[in-house]
Amino acid sequence: MKIACLMPTYNRIPHKQNLIEEALHSFLLQDYENRELIICNDTPNQRLYFTDDVFEDKVVIQNLDERFPTLSDKIQFMIDSSDADAFCRWDDDDISLPHRLTYSANKIRNDLEWRAENYFYCPPEETILTSGVGNTHTMSLWKREVLEQFPDGKYPQKASGWEDQQFNILLSQSGINSSGELLSADDIFYLYRWGVSDRHLSGTGGGNLGLQNHWNKIGEQEIVEGDFELDPHWAEDYVLRAREASGACSV
């Protein structure tokens, strides 16, 4: 099963370039072989590139000169460009531990969608904590057949920041099993880094209109034009940090 990891990004350079590089490094460390990462950068006049012969067949960077009107449109564009059997969101400001894809692929088996229901809440410069059950679409793995049961056979077309909730609603309406699973602290593979940037649509408020307005406002920020090479790396050993957190708590 080929898995495509979908990383939408916009205008992170140069002030938050480290976030993309850490998310990219998280992908390169994955121990699941049949995978690809699609980075869709729709920042006008800003080109991202990555040079590593070892992983050149696994990382695709799409540099576009016009911003998508919604996040849903952007994600659908990435899906349409891939021949993968399954997909997962790969947000550009979070960390996935090396076992994420292997663990998820082993769990999904004959199902159409599988997700972990808990994660490490990892605010900057604070003690890492485990989460309760929440909206964990960004941590799920889902097969292409899921979209065939959605309206128009597409990723949910909703206001930016609301597409994840709509995905869950459509799963339920389509009769697709998505009960999720609480992982042991040792198995948690996702570090959700709330507060590391101003791009978290989920914290905007104001319902659909407020979310989309925030998306539009982000598009009005100044852009530093040019070509920027990504240097994948972690600022710290997140595997060790997660191991230390798992030893201090039970899930």
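Things to note:
- Residue list for region 100-122, restricted to those being under 17 Å from GLU145 (Cβ atoms), open to solvent by less than 20 Å² (accessible area, probe 1.4 Å) and charged (D, E, K, R): GLU113, ARG115
- The one condition in (1) touching a Ser or Thr at 6+ places or on another chain (Cβ under 8 Å); (2) under 17 Å from GLU145 (Cα atoms); (3) not aromatic (Phe, Trp, Tyr) that SER81 fails to fulfil: (1)
- Residue match in region 218-230 (condition: acidic (Asp, Glu), surrounded by 14 or more Cβ atoms within 10 Å (Cβ to Cβ) and modelled with pLDDT of 90 or more): no
- Of all residues in region 27-40, those that are in contact (Cβ under 8 Å) with a residue 24 or more places away in the chain have Cβ atoms under 6 Å from Cβ atoms of residues that are surrounded by fewer than 21 Cβ atoms within 10 Å (Cβ to Cβ) and assigned to a loop (DSSP other than H, G, I, E, B), 6 or more apart or on another chain, in LEU28/PHE55; LEU28/PRO232; LEU29/PRO98; GLN30/PRO98; ASP31/PRO98; ASN34/LYS2; GLU36/LYS58.
- Residue selection: ALA235 satisfies the criterion of being open to solvent by 40 Å² or more (accessible area, probe 1.4 Å), on the phi < 0 side of the Ramachandran plot and either assigned to a helix (DSSP H, G or I) or modelled with pLDDT of 85 or more (or both).
- Total residues in region 145-160, condition buried (at least 17 other Cβ atoms within 10 Å of the Cβ) and charged (D, E, K, R): 1
- Residue pairs meeting the criteria (Cβ under 6 Å; at least 6 apart or on separate chains; first closer than 9 Å to ASP92 by Cβ, in region 8-25; second part of a helix (DSSP H, G or I) and of a type in the set (D, E, K, R)): PRO8/LYS74
- Taken together, ARG35, ARG12 contain a single residue that is farther than 27 Å from ASN216 by Cβ and of a type outside the set (Asp, Glu), which is ARG35.
The values are calculated or read from the model by the stated rules, or taken from the named source; none is laboratory data. These numbers were taken from a predicted model, which means no experiment stands behind them. All Cβ positions, even for glycine, are placed from backbone atoms using ideal geometry, and neighbour counts span all protein chains on display. Ligands, DNA and RNA are excluded from the accessible area calculation, which covers all protein heavy atoms including side chains. Shrake-Rupley method; radii C 1.70, N 1.55, O 1.52, S 1.80 Å.
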